[in-house]
Amino acid sequence: MKDLAGKHIVLGLSGGIACYKSAELCRLLIKAGASVQVVMTAAAEQFMTPVTMQALSQHTVYSSQWDARESNNMAHINLTRQADLCLMAPASADFIAKLAHGQADDLASLMCLARPIDTVPLLIAPAMNLEMWRHPATQRNVVQVTRDGAHVLGVGSGEQACGETGDGRMLEPVEILDEVISFFQPKALRGQHVLVTAGPTFEAIDPVRGITNLSSGKMGFAIARAAREAGAEVTLVAGPVSLPTPRGVTRVDVKSALNMFEAVNTKAQNATIFIATSAVADWRPESTTDRKIKKDGTGQCPVLHFVENPDILASLAHSERGQSRALYCVGFAAESHDLLTNAQAKRLRKGVPLLVGNIGPETFGRDDNALLLVDESGTRELSRDSKLSLARKLIADIAIRIGDRTEN
Ligand code: CTP
């Protein structure tokens, strides 16, 4: 099922060069399953033609409050009555100022004012020059519209169309899409701080070689994203992977198991949920060399000695915080066979209330997976699905467990 299936979004464009990004945004919203009705201000039409937006949205664009196509001549009312969301992207400094004052002298601002405020949320993606963005008047207006119930997204930073560099660019279309998808997810983990480990670790042999594994980190990154979508503060401790950081997630990059152990121990101080998805190397070479180990021409191979890495999950789960109700620990088990037996045994060994089993070789690097949730009372299967869908289901399940625990 597409993330925005069944959602009707009114996409408003006010004047700004960022209108060029709104064409792509419209396409992405539709691709994600939404139906989109575009509304443009006269200034927006200076930057993007209604023809383009009509072609992309497959609906005629509205721009006038006097549009006689509406039988009651009240486009400003009709537009939002079936909408799940009003999204102003770009929202110019002038447009935000209008909203802050409840002004309504064109269709887009009139529609925002006339929308049913309790049922049709307003999401705003600001776009302007950096001086305009940091001007106290704009910042004051942003505070005001937020107080009035709008959700103001952040801005991007970088080179601007005017040639200056700084904050104020509209977020990229895909970032706005992620914000919209996230907006519609239930906020089951609001107030929680989730710590996630993801990806493989890399255990150095010498400066150019090391030992790692096939974990792609995709499941852990999906879980971090799902937890963030559910309203939690999320810290993601990631082994060496090149995946993009999910929006709103704080990422700490580490290399070895020891690095990960240290980062987790620091970040666990204020975590309330710990989800260990990382495929941590069980052993590391006892010693590493500063210089590359060279062949000596005799055909003799170097002999490596290993020592065991700390078990990050077990040590946290057995700690005072892990044993108290302050921290809920969830483990993963990447198995190649006997999933249920191994997962049950691993849950007890790690000392966690919930362990999630999956078949490693069948999931490493893929975008889908199948999970087996094992707890003290039995098992629950989450059948094959995209990693993001599974992550959302797992997060919803964990939220219920935490709720039950708090009530008991
Ligand atoms: N884990 C960990 N630190 C380690 C090893 C594993 O935190 N040094 C965590 C993993 O992130 C996962 C769980 O423990 O949540 C199980 O990891 P897995 O690799 O499946 O199991 P192992 O503990 O390595 O046990 P085995 O080698 O017997 O499968």
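The values are calculated or read from the model by the stated rules, or taken from the named source; none is laboratory data. Fair warning: this is a prediction, and the values are worked out from it, not measured in the lab. Every residue, glycine as well, gets a Cβ built from its backbone with ideal geometry; the counts of neighbours run over all protein chains shown.
What residue, of 255, 350, is among the charged types (D, E, K, R) and within 12 Å of the ligand (Cβ to nearest atom)? Don't jump to the end; show me each part of the working.
Working: 255 fails: within 12 Å of the ligand (Cβ to nearest atom).
Only one candidate qualifies: 350.
List the residue pairs whose Cβ atoms are under 8 Å apart, where the first residue sits in region 349-368 and is farther than 23 Å from residue 329 by Cα, the second is within 11 Å of the ligand (Cβ to nearest atom), and the two are 6 or more positions apart or on different chains.
Note: pairs meeting the criteria are 361/336.
With respect to the numbered conditions (1) in contact with a helix residue (DSSP H, G or I) (Cβ under 8 Å, 6 or more places away or on another chain); (2) surrounded by fewer than 17 Cβ atoms within 10 Å (Cβ to Cβ), which one is the sole condition not fulfilled by residue 42?
The single condition residue 42 does not satisfy is (1).
Give region 353-372 a look and list any residue that's more than 13 Å from the ligand (Cβ to nearest atom) and crowded, with 21+ Cβ neighbours inside 10 Å, or say none.
369 - this is the single residue of region 353-372 that is more than 13 Å from the ligand (Cβ to nearest atom) and crowded, with 21+ Cβ neighbours inside 10 Å.
Just checking, how many residues over region 270-285 are out of contact with any Asp or Glu (no Cβ under 7 Å at 6 or more places or on another chain), within 16 Å of the ligand (Cβ to nearest atom) and not hydroxyl-bearing (Ser, Thr, Tyr)? Let's see the steps before the verdict.
Our first condition is that a residue be out of contact with any Asp or Glu (no Cβ under 7 Å at 6 or more places or on another chain); within region 270-285, this holds for 270-280.
Restricting the remaining residues to those that are within 16 Å of the ligand (Cβ to nearest atom) gives 271, 273-280.
Next, only the ones that are not hydroxyl-bearing (Ser, Thr, Tyr) stay: 271, 273-276, 279-280.
Here the count works out to 7.
For region 62-108, name all the residues that are within 31 Å of the chain's Cα centre (by Cα), within 15 Å of residue 12 (Cα to Cα) and assigned to a loop (DSSP other than H, G, I, E, B).
83, 84, 92
Kindly list, by first and then second residue, each pair from a residue in region 1-26 that is part of a helix (DSSP H, G or I) to a residue that is among the hydroxyl-bearing types (Ser, Thr, Tyr), limited to pairs with Cβ atoms under 8 Å and residues at least 6 apart or on different chains.
The qualifying pairs are 23/52; 26/57.
Here is a list: 248, 239, 217, 210. Which entry is small (Gly, Ala, Ser), surrounded by fewer than 22 Cβ atoms within 10 Å (Cβ to Cβ) and touching a residue at least 12 places away in the same chain (Cβ under 8 Å)?
Working: 239 fails: surrounded by fewer than 22 Cβ atoms within 10 Å (Cβ to Cβ); 217 fails: surrounded by fewer than 22 Cβ atoms within 10 Å (Cβ to Cβ); 210 fails: touching a residue at least 12 places away in the same chain (Cβ under 8 Å).
Only one candidate qualifies: 248.
Could you please let me know if residue 125 is assigned to a helix (DSSP H, G or I), at pLDDT 95 or above, touching a Leu at 6+ places or on another chain (Cβ under 8 Å) and surrounded by 14 or more Cβ atoms within 10 Å (Cβ to Cβ)?
On the way: assigned to a helix (DSSP H, G or I): no; at pLDDT 95 or above: yes; touching a Leu at 6+ places or on another chain (Cβ under 8 Å): yes; surrounded by 14 or more Cβ atoms within 10 Å (Cβ to Cβ): yes.
Answer is no for this residue.
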